[in-house]
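The values are calculated or read from the model by the stated rules, or taken from the named source; none is laboratory data. The structure presented is a predicted model; accordingly, all values stated were derived computationally and were not measured. Cβ coordinates were reconstructed from backbone atoms using ideal geometry, including for glycine residues, and neighbour counts include every protein chain displayed.
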Amino acid sequence: MVEIQKTPFVRDLASSDKKVRDKAVESLTLFLSSKTDLSLVDLLKLWKGLFFCFFHSDRPLTQQALARAISYHIVPSLPHATLHRFLRAFWITIGRDYHSIDRLRLDKYLFLIRCYVGVAFEVFVKGAKNTKADGKKRKREDAGKKGNRKKQKKAEAEAEAAAEAEDKDGELDGKWADLAAYIDIIEEGPLCPLNYDVDQPEEDIEADFVPMPHGPDGLRYHVSDIWVDELEKVLEFEGEEGERKIKGDIPMELILRPLEKLRSESAYRPVRTRVAEALDDDRLIEWGLRVRENPDDEVDSDGEWGGFDD
């Protein structure tokens, strides 16, 4: 097992000296990009160090730079074998230690969480979309290298049709499989409707299993509030402002699923109300994904008294 605790760059990440901090980020990036055998337990040890390193970081600009560095700089460079485990370790750490964050340090952690929601969309949505475009281009080029001109055109058309059919048949099993796996992590952790799951297995270090904390509500509120904000940054649109539509075949139903599930399954009315507000976002309505709900048509599922009718 890698002795991550002994790596000096974790401590240097909190330095107010930009040169020291940048060097530590580069060292951590190289370390993580060169390791494909890091277990979840290893990564949790690393995140324990990163969490408290961030805890002791001073000055707003230093905190923001550090948050961006350990998210947007590191996550895209991770090996595919490590990527989901690294993100799982982040959400386990945040869920487990969220209540230990005092009010004076809360804002910087909320910014770190925002960065991680954003970089995940950048990797799994924007990155997957670009991968698909490159794959189609390579298929056309490969087909174009064979036969005469008529055969080339026919081969290119067949390759294009095969690529489209492949996209439709295996969308979640293909280019969106990594996004679907990440959404599962989110539904299991910060946006899980349950506060306590009696059926959740216990921690098993030998099997490299650590249970994911559910919530807490403060984390649910924040992730729900920023979900559409960070998603918008990686989407491409067509049409004029106020009438924009999303370009491409982005699986929006999959992306919004954690919010829909939390709104329908949470046992707590404040959580359901907060998530309903997030889903009632004007941008989702503009993009044609939602229809604004009439508050008069809503039914109080708790059976609570809603006051006298007008």
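In the set THR29, THR36, which member is assigned to a helix (DSSP H, G or I) and either of a type in the set (Ser, Thr, Tyr) or touching a residue at least 24 places away in the same chain (Cβ under 8 Å) (or both)?
Values: THR36 fails: assigned to a helix (DSSP H, G or I).
Answer to the check: THR29.
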Surrounded by 19 or more Cβ atoms within 10 Å (Cβ to Cβ) and at pLDDT 90 or above: does that describe LEU78?
yes
Give me a count of the residues in region 198-236 that are within 25 Å of SER39 (Cα to Cα) and part of a helix (DSSP H, G or I).
0
Among the residues that make up region 52-68, is at least one of them surrounded by fewer than 19 Cβ atoms within 10 Å (Cβ to Cβ), closer than 24 Å to PRO211 by Cβ, without any contact (Cβ under 8 Å) to a residue 12 or more places away in the chain and of a type in the set (Phe, Trp, Tyr)?
yes
If you check VAL20, VAL2, which single one turns out to be assigned to a loop (DSSP other than H, G, I, E, B), at pLDDT below 95, aliphatic (A, V, I, L, M) and surrounded by fewer than 20 Cβ atoms within 10 Å (Cβ to Cβ)?
VAL2
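Right, ALA89: under 26 Å from ILE205 (Cα atoms), among the small types (Gly, Ala, Ser) and crowded, with 19+ Cβ neighbours inside 10 Å or not?
Values: under 26 Å from ILE205 (Cα atoms): yes; among the small types (Gly, Ala, Ser): yes; crowded, with 19+ Cβ neighbours inside 10 Å: yes.
So ALA89 passes the test.
Report, by residue number, each residue of region 55-69 that is among the polar types (S, T, N, Q) and within 18 Å of VAL117 (Cβ to Cβ).
Of region 55-69, the ones among the polar types (S, T, N, Q) are 57, 62-64.
Passing the criteria: GLN63, GLN64.
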Here are ASP42, ASP12, ASP17: which of them is in contact with a helix residue (DSSP H, G or I) (Cβ under 9 Å, 6 or more places away or on another chain) and more than 18 Å from SER71 (Cβ to Cβ)?
ASP42
Specify the residue that is surrounded by the fewest Cβ atoms within 10 Å (Cβ to Cβ); the eligible residues are those in region 167-194 that are in contact with a helix residue (DSSP H, G or I) (Cβ under 8 Å, 6 or more places away or on another chain) and at pLDDT below 90.
LEU172
HIS73 fails exactly one of the following numbered conditions: (1) modelled with pLDDT of 90 or more; (2) surrounded by fewer than 19 Cβ atoms within 10 Å (Cβ to Cβ); (3) over 21 Å from PHE121 (Cβ atoms). What is the number of that condition?
(3)
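To keep it simple, each residue is scored yes or no on (1) closer than 12 Å to VAL117 by Cα; (2) modelled with pLDDT under 95; (3) touching a strand residue (DSSP E or B) at 6+ places or on another chain (Cβ under 7 Å).
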| residue | (1), (2), (3) |
| --- | --- |
| TYR221 | no, no, no |
| ILE226 | yes, no, no |
| VAL234 | yes, no, no |
| GLU240 | no, yes, no |
| GLU243 | no, yes, no |
| PRO258 | no, no, no |
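For region 99-106, check the following and say yes or no: at least one residue is assigned to a helix (DSSP H, G or I) and either surrounded by 15 or more Cβ atoms within 10 Å (Cβ to Cβ) or in contact with a Cys (Cβ under 7 Å, 6 or more places away or on another chain) (or both).
Step one: list which residues in region 99-106 are assigned to a helix (DSSP H, G or I), which gives 99-100, 106.
Add one more test, that the residue is either surrounded by 15 or more Cβ atoms within 10 Å (Cβ to Cβ) or in contact with a Cys (Cβ under 7 Å, 6 or more places away or on another chain) (or both), and what stays is none.
So far as region 99-106 goes, no, none of its residues is assigned to a helix (DSSP H, G or I) and either surrounded by 15 or more Cβ atoms within 10 Å (Cβ to Cβ) or in contact with a Cys (Cβ under 7 Å, 6 or more places away or on another chain) (or both).
Take region 220-251 and flag every residue that is closer than 27 Å to LEU44 by Cβ and either in contact (Cβ under 8 Å) with a residue 60 or more places away in the chain or surrounded by fewer than 19 Cβ atoms within 10 Å (Cβ to Cβ) (or both).
Looking only at region 220-251, we keep the residues that are closer than 27 Å to LEU44 by Cβ, and these are 220-227, 230.
TYR221, HIS222, VAL223, ASP225, ILE226, TRP227, GLU230, listed by residue number.
Is at least one residue of region 208-219 farther than 22 Å from ILE92 by Cβ, in contact (Cβ under 8 Å) with a residue 40 or more places away in the chain, hydrophobic (A, V, I, L, M, F, W, C) and surrounded by fewer than 17 Cβ atoms within 10 Å (Cβ to Cβ)? If you could, list the steps in order and put the result at the bottom.
Keep residues of region 208-219 that are farther than 22 Å from ILE92 by Cβ, which gives none.
Checking region 208-219: not a single residue is farther than 22 Å from ILE92 by Cβ, in contact (Cβ under 8 Å) with a residue 40 or more places away in the chain, hydrophobic (A, V, I, L, M, F, W, C) and surrounded by fewer than 17 Cβ atoms within 10 Å (Cβ to Cβ).
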